[in-house]
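Structure record follows, encoded as structure tokens.
The values are calculated or read from the model by the stated rules, or taken from the named source; none is laboratory data. All values reported here derive from a predicted model rather than from experimental measurement. Cβ atoms come from the backbone with ideal geometry, glycine included; neighbour counts cover every protein chain shown.
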Amino acid sequence: MSQVFTEIGMCLERGDAPAVEEKVRAALEEGHSPLEIIQRGLVAPMEDIGVRFRDGELFVPEVLVAARAMQAGMGILKPLLSESDKASRAGIVVIGTVQGDIHDIGKNLVAMLLEGAGFEVIDVGIDVKPEAFVEAVKEHKADILGLSALLTTTMPAFKDVMAALEEAGIRSQVKVMVGGAPVTAEFAEKVGADGYAEDGPTAVDVARQLVS
């Protein structure tokens, strides 16, 4: 493995965004393609960090700083990707917190881990209306729609989003994943979701299954 990829991984783990940017530029100068740098320098170390988080060796703050550092590297590489590079990515995910709920730490973590696993992620934010989710799915031709909620009072919004997808005639075109502290597998089934994840690393596994 090229030394520069090892160095990017070490900088990622420290959450050192400027160093990640510097090493990514160095990898480009060495002649590595943007897609290779994403896969070997950013995605592979982030997957390892995700596994260690799942196993209790790392905690949310450490994963968040690593993911932000990864995004700094992605910021350099994304504009350089060719259309064929983009087509080879794992899939497109639109993700957001449902209407009435402004919590975003869990959603942000899942979004970052999905991006670290090679998905293109469009984060539509918090307190998102059903119609806005529908528009984002249409605009980005999403493979997966990820819905998050932390408050039990906002859980009915999941049903509203599902109804909006049906009404727009696009429910069959997108897989829907749900998650958040009050959400259970039973609830996910009840609202008609295609997948449920209780944490970030599980969300990555579920997303991969949904697009396979």
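Structural remarks
- Which listed residue, of A111, A142, A136, is out of contact with any Leu (no Cβ under 7 Å at 6 or more places or on another chain) and surrounded by fewer than 23 Cβ atoms within 10 Å (Cβ to Cβ): A136
- Some residue of the range 80-95 being surrounded by fewer than 17 Cβ atoms within 10 Å (Cβ to Cβ) and of a type in the set (V, I, T): no
- Inside the range 55-88, residues that are within 17 Å of R25 (Cα to Cα) and among the hydrophobic types (A, V, I, L, M, F, W, C) make up a count of 8.
- Among residues of the range 187-212 that are closer than 20 Å to M162 by Cα, those with a Cβ under 8 angstrom from a residue that is assigned to a helix (DSSP H, G or I) and among the basic types (K, R), sequence gap 6+ or separate chain, pair up as V191/K159.
- Residue within the range 54-61 that is more than 21 Å from Y196 (Cβ to Cβ) and under 18 Å from the mean Cα position of the chain (by Cα) present: yes
- The residues on offer are D104, D85, and the sole one that is closer than 23 Å to A185 by Cβ and free of Cβ contacts under 8 Å to residues at least 60 places away in the same chain is D104.
- In the range 2-15 there is no residue matching the filter, namely being touching a strand residue (DSSP E or B) at 6+ places or on another chain (Cβ under 7 Å) and assigned to a helix (DSSP H, G or I).
- Qualifying residue in the range 15-37 (condition: within 24 Å of Q209 (Cα to Cα), of a type in the set (K, R) and either out of contact with any helix residue (DSSP H, G or I) (no Cβ under 8 Å at 6 or more places or on another chain) or crowded, with 17+ Cβ neighbours inside 10 Å (or both)): no
- Candidate set: the range 176-186, residues that are of a type in the set (A, V, I, L, M) and either touching a residue at least 60 places away in the same chain (Cβ under 8 Å) or not in a helix (DSSP H, G or I) (or both); chosen: the one surrounded by the fewest Cβ atoms within 10 Å (Cβ to Cβ): A181
- Test result for I105, in the same structural domain as L147 (by TED's automatic domain parsing), within 30 Å of T153 (Cβ to Cβ) and surrounded by fewer than 20 Cβ atoms within 10 Å (Cβ to Cβ): yes
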